[in-house]
Every structure is written in C-alpha cells, then in structure tokens.
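*Asks:* Please see the structure below; I have some questions.
The values are calculated or read from the model by the stated rules, or taken from the named source; none is laboratory data. Computed from a predicted model, the values in this text were never measured in an experiment. So basically every Cβ, Gly included, is an ideal-geometry build from the backbone, and we count neighbours across all protein chains shown. Side chains are part of the model used for accessible areas, which takes the heavy atoms of the whole protein and leaves out ligands, DNA and RNA. Shrake-Rupley method; radii C 1.70, N 1.55, O 1.52, S 1.80 Å.
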Amino acid sequence: SLYKHINPYLKHENILFNKDSKNIIYIEIKKDKNVYYRTFYSMIKKNNININYPFTVILENPSLSSEISDFLRLCHIFKLPLIILTKENISGILSKAKKQTKGIDYKNFNLQITDKLPELILVGFTKHSDKNEKDLIKILNNNNLALVFGDEKYGLSQELRYKLNCSFRLTPETKKPLRASHALCYILGIYTSRNLWLFFDNI
C-alpha cells in the first residue's frame, strides 16, 4: 500500500530508484486512528554510513544465559569487544548463550572471560548518580572507555562500584531502571543519533 502511494510521487518528482541506485529513501510511519506516513530521501553518492563505536563492554558476574546472549548479540552487531568479568566458572551458561545466539563467528569475535579489569576508563550506570545523559555525551567519543554493566538481578558489585571512574544515570525512571542490555542499547542509540546528525550536517 505504501509503495503504491509513494512510487507515483517519486516519479512525479523525478526521483528514480533501482537496484543500483545510490539514493536512500526513509519512511516514517505513525498509527493513531489512521495511519500517517511521511517520506524524505537523501541522494548520497557515498558508501554506506559507517559509525565506529569506540567502546569496550564489560559485563560483571552474569548468572543467566539470556543476558549473556543479549550482550553477545549486541557486541557482535556493533563490533564491540566484550569482557565478562567473573571469578566463577560460567562455561555452562556461556555455552548455552552461544547456542541461543546463532550466526556469530566466535573465531573473529573479541570475547574475554577474566577476573581482571582492563586499563580503561570505567564508566558505570546507576539511578543514584547526579550525572545524566547530557554529561555522558561529553565523554562518549573517548577511545579508552569501558561501559560497565552488572548482573540483571543484583547490578554491579560494591567492589566494582568503587573502581569506577565515573557513573551516569540513564532515563528519569527510579523504580524500574533499564535492564543491562537495554541500557547498552540506549547508550548506543545516543551515540548513533549524535553521529548521524554530525554526518548529515556535513553533507
């Protein structure tokens, strides 16, 4: 239905698309009582937009295969090194997580299981911090950042909290804060949107 509505408009505007086209069309859809949509396009004569994510991700003491699986998937998609920080033997839940997360070539995936912290700037997340996303944005382009997340049941250990270089509050919610994998998605979304705006401003 959208194709039938949009394609005549594009032809009228002399905007032609084919399999070799370098043009990109964006469609935004909103459903209220009716379905509304709007389109805008970009005639970019460049390769696809590549955003490099300069982070290392640290997950402390995961106890569920599902949370490890979520982090494996996210770090694979965004090409992020993943460190699982633990003194426990997690081979069983890690193996289960890998089975749940299909399509990852672990030979080329940067995954470490260790009980030692890397020599990076450790950035944690807590609802008790007086710094928020505006403060976080100021440091996100630092190449030495490690984004540190705790177990989804208990959060970061007190020992690791003391070792953080800085911490930030994500969203105004205090009773039900984001799950660890959702928090990582949220941060990646902030970083991506910021870099996309910078990209389009330079076109």
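*Asks:* Taking residue 134, is it touching a residue at least 40 places away in the same chain (Cβ under 8 Å), of a type in the set (D, E, K, R) and outside any strand (DSSP E or B)? So that I can check it myself, show each step before the final result.
*Replies:* Values: touching a residue at least 40 places away in the same chain (Cβ under 8 Å): no; of a type in the set (D, E, K, R): yes; outside any strand (DSSP E or B): yes.
When the stated conditions are applied, residue 134 does not pass them.
*Asks:* Filter the stretch 84-101 for residues that are in a loop (DSSP other than H, G, I, E, B), farther than 18 Å from residue 180 by Cβ and either open to solvent by less than 50 Å² (accessible area, probe 1.4 Å) or free of Cβ contacts under 8 Å to residues at least 24 places away in the same chain (or both) and give the result.
*Replies:* Going through the stretch 84-101, the residues in a loop (DSSP other than H, G, I, E, B) turn out to be 86-90, 101.
Of the ones still in play, those that are also farther than 18 Å from residue 180 by Cβ are 87, 89.
Residue satisfying the conditions is 89 alone.
*Asks:* What are the residues in the stretch 70-83 that are under 14 Å from the mean Cα position of the chain (by Cα) and either open to solvent by less than 20 Å² (accessible area, probe 1.4 Å) or of a type in the set (Asp, Glu) (or both), if any?
*Replies:* Selection gives 70, 71, 72, 75, 80, 82.
*Asks:* Across the stretch 165-177, what is the total count of residues that are surrounded by fewer than 18 Cβ atoms within 10 Å (Cβ to Cβ), touching a residue at least 24 places away in the same chain (Cβ under 8 Å) and not polar (S, T, N, Q)?
*Replies:* Selection size over the stretch 165-177: 3.
*Asks:* Within the stretch 148-190, can you find the residues that are more than 15 Å from the chain's Cα centre (by Cα) and assigned to a strand (DSSP E or B)?
*Replies:* 151, 155, 166, 167, 168
*Asks:* Shifting gears a bit: Looking for something part of a loop (DSSP other than H, G, I, E, B), closer than 16 Å to residue 143 by Cα and in contact (Cβ under 8 Å) with a residue 12 or more places away in the chain - is there at least one such residue anywhere in the stretch 102-119?
*Replies:* Yes, some residue in the stretch 102-119 is part of a loop (DSSP other than H, G, I, E, B), closer than 16 Å to residue 143 by Cα and in contact (Cβ under 8 Å) with a residue 12 or more places away in the chain.
*Asks:* Right, something else. Could you please find all residues in the stretch 26-70 being modelled with pLDDT under 70, out of contact with any strand residue (DSSP E or B) (no Cβ under 8 Å at 6 or more places or on another chain) and among the β-branched types (Val, Ile, Thr)?
*Replies:* Residue satisfying the conditions is 49 alone.
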